[in-house]
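The values are calculated or read from the model by the stated rules, or taken from the named source; none is laboratory data. As the structure is a computational prediction, the values presented were derived from the model and not from experiment. Neighbour counts are summed over all protein chains in view; Cβ atoms, including those assigned to glycine, are modelled from backbone coordinates with ideal geometry. For accessibility, only protein heavy atoms count, side chains too; no ligands or nucleic acids. Shrake-Rupley method; radii C 1.70, N 1.55, O 1.52, S 1.80 Å.
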Amino acid sequence: MSSIFSLLILAAMATPTSGSRDTDAVEIYHCNFDQQFGQAADVNYDDWPDHWKRAVGPNYPHYVAIGLEADPTATAERCLTIYANGGNAAVESPTIAVSRNFSYVAETRLRVSGLEHSRVRLTLEFCDEDRQVLVSEHSDWIRQTTGWKKVVMGPVKLEDLDVRLVRIKMTLEEGARVDLSGTASLDEVWIARLPKLTVKTNNPFNIYTD
């Protein structure tokens, strides 16, 4: 009986709890805007996460401010924020190498406040070696959150032979009318790979008496 009880405890420990990350996931990228790739996320202290990029062009005016800000509610007390100011804005992470032998999942925290007409979404973009997007996985469009909201995208199974890279993108899109105030903040960006093949049993704890 003691052996069976021990096995039940181990099985319960191995079963992911609600809201936990997949136990089969292998992390390939993590940034909490204090640490990135295991190093400082802002080495030159310019309030911009190293290797991240903002979208540029006629539809993405530079007067829409984007930058790191202190926030005691963020995981590492820093987050990346877009400050709505009458225009579109988008920011994207560094690209990370991927393989079509795996599927991929991303998890972030998003906070949107003060927007009336604009909306925000996150996108997981899979690109070729020239960084051209071949496959995309989108979150829902969001105008408001109550504090931080966990956003999960995927798992995405890769079939395109040309996919080489992945990145995550946060986009603020103006509506029929523009917002001159409001913010969209990103925290705790995590991307991981998963096996393409998943095996499940018909018993919740994978334990059988016979």
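Residue separation of Arg54 and Asn85 scaled by 0.36 nm, minus their Cα-Cα distance, works out to 9.6 nm of gained length. Close amide-amide hydrogen proximity is noted between Asp50 and Asp42, Val43, each under 5 Å apart and 5 or more residues distant or on a separate chain (H modeled in the peptide plane; Pro and chain starts excluded). Within the accessible area of the chain, the carbon and sulfur atoms contribute 51%, probe 1.4 Å, all protein chains present.
For helix 2-14, report the angle its Cα long axis makes with the longest principal axis of the Cα atoms of the chain; keep it between 0 and 90° and round to the nearest 10°. Relative to the chain, helix 2-14 is tipped by roughly 20 degrees. For the chain, a Gaussian network of Cα nodes joined below 10 Å ranks Asn88, Asn59, Asn32 by mean-square fluctuation, and the top entry is Asn59.
Please compute the net charge surrounding Arg100, taking Lys and Arg as +1 and Asp and Glu as -1 over other residues with Cβ under 14 Å from its Cβ.
-1
Relative contact order, whole percent, for the chain stands at 28, derived from Cα pairs under 8 Å and 6 or more residues apart. Taking square-rooted eigenvalues a ≥ b ≥ c of the alpha carbon gyration tensor, is segment 61-104 rounded, prolate or oblate, where a/c under 1.5 means rounded and, failing that, a/b exceeding b/c means prolate? It is oblate, given that a/c is not under 1.5 and a/b is not larger than b/c.
Here r is the Cβ-Cβ distance between Thr145 and Lys200 and R0 is 25 Å; the resulting FRET efficiency, rounded to 0.05, is 0.15.
Only lysines eight or more places from Lys150 in sequence, or on another chain, were considered; those with a Cα closer than 23 Å are Lys53, Lys169. For the chain, the solvent-accessible area works out to 57 Å² per residue, with a probe of 1.4 Å and every protein chain left in place.
For segment 96-210, just say rounded, prolate or oblate: build the C-alpha gyration tensor, square-root its eigenvalues into a ≥ b ≥ c, call rounded for a/c under 1.5, and beyond that prolate if a/b exceeds b/c, oblate if not.
It comes out oblate by the Cα gyration axes.
A simple rule links phi to the HN-Hα coupling: the Karplus curve 6.51 cos²θ - 1.76 cosθ + 1.60 with θ = phi - 60°, which for segment 190-196 gives 9, 10, 9, 9, 9, x, 5 Hz, with x for Gly and Pro.
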